[in-house]
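Every number here is computed from the coordinates shown, using simple stated rules; none is lab data. These numbers come from a predicted model, not from an experiment. Every residue, glycine among them, receives a Cβ derived from its backbone with ideal geometry; neighbour counts consider all protein chains shown.
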Protein chains: 2
Amino acid sequence: MLKIGIIGVGTVGTSVCQILEDNKDIITARAGVELVPVAGVVNNLSKKRDVSIKITDNPDDILNDDSIDIVVELMGGVEGAYNVVKKALQKGKAVVTANKALLAYHRYELQDIAGDTPFEFEAAVAGGIPIISALREGLGANHIESIKGIINGTCNYMLDKMINEGVDYDTILKEAQDLGYAEADPSFDVGGFDAAHKLLIMASIAYGIDAKPEDILIEGIENVSPEDISFAKEFGYALKLLGIAKTRGDKVELRVHAVLIPTSEMLAKVDGVMNAVSVVGDKVGETLYYGPGAGGDATASAVIANIIDIARKGKGKGSPMLGFKTSLESGLHLADKGDIETKYYLRLHVEDKPGVLSKVTTILGNRNISIKNMVQNSVDETSANLLLSTHTCSEKDIKEALEIFETENLVLSKPAMIRIEE
Amino acid sequence: MLKIGIIGVGTVGTSVCQILEDNKDIITARAGVELVPVAGVVNNLSKKRDVSIKITDNPDDILNDDSIDIVVELMGGVEGAYNVVKKALQKGKAVVTANKALLAYHRYELQDIAGDTPFEFEAAVAGGIPIISALREGLGANHIESIKGIINGTCNYMLDKMINEGVDYDTILKEAQDLGYAEADPSFDVGGFDAAHKLLIMASIAYGIDAKPEDILIEGIENVSPEDISFAKEFGYALKLLGIAKTRGDKVELRVHAVLIPTSEMLAKVDGVMNAVSVVGDKVGETLYYGPGAGGDATASAVIANIIDIARKGKGKGSPMLGFKTSLESGLHLADKGDIETKYYLRLHVEDKPGVLSKVTTILGNRNISIKNMVQNSVDETSANLLLSTHTCSEKDIKEALEIFETENLVLSKPAMIRIEE
């Protein structure tokens, strides 16, 4: 029997207890040993929980209990969780966490502390989808060329409704909140930070890149407008918030932003709150992993998969936490935000008079930005929206061009820009 | 250093050698040890191979070489491969195979022989997609409710062309052969046997079911007609060859056949030669795994993932070969072919005269087969095609009804039937 202590008995923690009970037959057969949750830690002892384990409000009751083999950390947050996990590992307890923020900031310290003690985190990225295992084990023969993930279900749900049903941003945000998809303060989701945490974890496994959220480009979906959505439809794109990691030479681009992708891609077909991650390996080509990215039972499914693995393997015999047994001398470096290269869609609200278009194209041309498509839509009698897409160019050049459009008063309102991945 | 012997140095074996060389940096960092192919076995020594390992035509040169740690079996076939793998395991060598036919017939004997010796087979199902790992590890917390897989790329390519481009069966089969997708004798692919082998392997991991190909329902795509394709389009279905495993009570249905699925499902969106497997777990819900199901590099990617895993874990510390450490007392049994329950689409070529329709509906009604949709299309002045879809009913009842249509001369030609999964 392996005894499990759960730190944070909320939705996911309760699901972990219930599934270990509901599916005890098959889980025991797979693990080869009974997996028993014995204790849980909560903040508020007076709140009723639907679990039969011993409940305390002091993590040390679990951390100092030598009979507990595996600590499941579901408390959330960064520094508090770090201290709990660190102590558990130092006590030699295996740790399973679903805490993406913790890993976005402390995964390399924790890997060092863990050493041969199992430390697993499948549930931290894309909920019930076994994407960590796919990257760390299944695709191990490959140099990873790119990872593109729909890894925030709230944003995918909102964009889906905006593009397919014409609902505006504020209305759909309220609906997502009412449905429980988005928090009362939704900025963590719609601002792209949740996706960034997950992207950083995947990038460590693929590339050994030790970056933190503040090192990478993170944009959300707050500025997506109805015009952008019309453009996407008119030119045959889907609009998704993606976490993207891709290599170019010895640089790794890491970025989270809304992006236009061809509707023929599998990622474009992922609707509603579902998550999916497309991974391109240099040998295998594209593989894609799809499923529920959140929810108590789906997340608990991943947590328990990790517990079963720990039971099967024992200490020091699994994959290294972040995928590499020896240090990776691949010479890969994080690309500067300005060095990102992709295609862009621009929307410029300009005066409808001769000479404007020529100024716009000159400013772009001077920065080696070449135009692929252009459409001009009248806004009123004196102004128009210029919608244009570019061939591949650098982020720095695009940002510079957009700034010049503003400083030279070529645009009547702030220009909009969305990146295109194809 | 771990030394690897490759038995069968064809397309996949050559890719294994090349990838171990090309990606040596990252593979060594992930495995924690250098993985070196040292010897290969071929049938025909005079044929030139693009590998630098020692080549022999005698498997014993590898099996009796105590310095070789891991045997990769890529020779194909059943009994010859069984003897080679058995001997390798008995010598204590870890085995990696891509041989689905071998496992379709001998997986349980081989699991017994392997004991604690690692025996991995990720490449045997869906090529480069890590579906074995997903089923065995990633979804371990779940009772698996269903597995539905597009696991034969040749059939998917052919159906795709037939449905989207109106190409007829014989033309597209010839094209698939010219492209190298289908063999000169294509019956293994188009007859559904290849998919059945893969389905049986997945079913063992999900359910512990020890069935052989001859125990289950296997139909191919040879009898799909243009009318069936029109029906699919008219009623909003995609047409796929699926390997299906699903539970109903204590029964497990295992079957391979062409099937109509709603176009809104992710599986319906898998085009061309790509593979995908949708798995529904009782806790996680649906997850789906997509990627290349064949090809030298994609298959070798999965073979090498297994080799890296073996290097990381060592003996006796991985997952049990078929997923269960202790015997599974789940009480699941293979459903009889006649006990399969699903929905059906029928095409009946009947005389266009009063009374025929009433006889058809009476025969169906007497067997509790209720009709969901019906369309009648004129064939000529005196006959029509009745296209109808049913609600859920049993295979036995449908087959009996079809037989009666023929014996009572209600139909002018053999009725067509395709199952519907929705």
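Summary table below
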| read-out | value |
| --- | --- |
| Hits among aspartates and glutamates - C-alpha to C-alpha of A:K91 under 15 Å, sequence gap 8 or more where chains match | A:D60, A:D61, A:D65, A:D66, A:D69, A:E73, A:D112, A:D116 |
| 0 to 90° range, to nearest 10: angle between helix A:395-407 axis and chain A longest Cα axis | 50 degrees |
| Kirkwood Rh and Cα Rg combined as Rg/Rh, the range B:167-216 | 1.15 |
| Distance (nanometres) between label positions extended 7 Å along Cα→Cβ at A:V78 and A:D65 | 3.1 nm |
| For the range A:296-312 versus the range B:139-163, the gap between their alpha-carbon centres in whole angstrom | 25 Å |
| Karplus 3J(HN,Hα) series, Hz, for the range B:224-236 with 6.51 cos²θ - 1.76 cosθ + 1.60 (x for Gly, Pro) | 6, 10, x, 5, 5, 5, 4, 4, 4, 5, 4, 9, x |
| Per-residue Cβ neighbour rank within 10 angstrom, fewest leading, A:T382, B:T11, B:T342 | A:T382, B:T11, B:T342 |
| B:L179-A:E214 pseudo-label distance in nm [points 7 Å out on the Cα-to-Cβ vector] | 5.2 nm |
| C-alpha center-to-center spacing [the range A:350-391, the range A:41-106] in angstrom | 56 Å |
| Choice from B:I163, B:I172, B:I404 showing the highest fluctuation, given a GNM over chain B with Cα pairs closer than 10 Å | B:I404 |
| Span per principal axis, largest first, for the Cα atoms of the range B:231-354 (Å) | 73, 38, 25 |
| Label spacing, shortest first and in nm, from B:G314 to its equivalents in the remaining copies (7 angstrom along Cα→Cβ) | 0.9 |
| Reduced Cα scattering model of the range A:1-110, Debye log10 I(q)/I(0), q = 0.15, 0.19, 0.21, 0.24 Å⁻¹ | -0.61, -0.97, -1.15, -1.38 |
| Computed lengthening from B:T361 to B:D170, 0.36 nm per intervening residue step minus Cα-Cα distance | 65.4 nm |
| Cα radius of gyration and Dmax for the range B:337-420 (Å) | 12.0, 39 |
| Projected area, mean over directions - the protein assembly as shown, Cα convex hull, nm² | 39.8 nm² |
| Measure of compaction for the range B:23-179 (Cα Rg per 2.2 N^0.38 Å) | 1.28 |
| Approximate spin-label separation A:E234-A:N377, in nm, with each point projected 7 Å along Cα-to-Cβ | 0.5 nm |
| Percentage of interatomic Cα-Cα distances in the range A:134-290 larger than 20 Å | 48 percent |
| Teacher prompt: B:S67 distances to equivalent labels in other copies, 7 Å Cα→Cβ, nm | 5.4 |
| Calculated SAXS-style log₁₀ I(q)/I(0) at q = 0.12 Å⁻¹ - chain A, Debye, Cα scatterers | -0.97 |
| Other copies of B:D210: label-to-label distances in nm, shortest first, labels 7 Å along the beta-carbon direction | 5.1 |
| With Cα atoms, 0 to 90° folded angle of helix B:79-90 axis to chain B main axis | 40 degrees |
| Contour minus Cα-Cα distance for A:D22 and A:H391 (0.36 nm per residue) | 127.5 nm |
| Mean separation of Cα contacts under 8 Å, 6 or more apart, over the residue count of chain A: relative contact order % | 17 percent |
| Fewest-first sequence of A:L357, B:L267, A:L199 by Cβ atoms within 10 Å of each Cβ | A:L357, B:L267, A:L199 |
| Pairs of Cα atoms farther than 12 Å apart, the range B:68-116, % | 55 percent |
| Set of lysines with alpha-carbon distance to B:K161 below 19 Å, sequence-local pairs under 8 removed | B:K174, B:K233, B:K240, B:K269 |
| Net charge dipole size for the range B:337-420 [Lys, Arg +1 and Asp, Glu -1 on Cβ; Debye, nearest 20] | 280 debye |
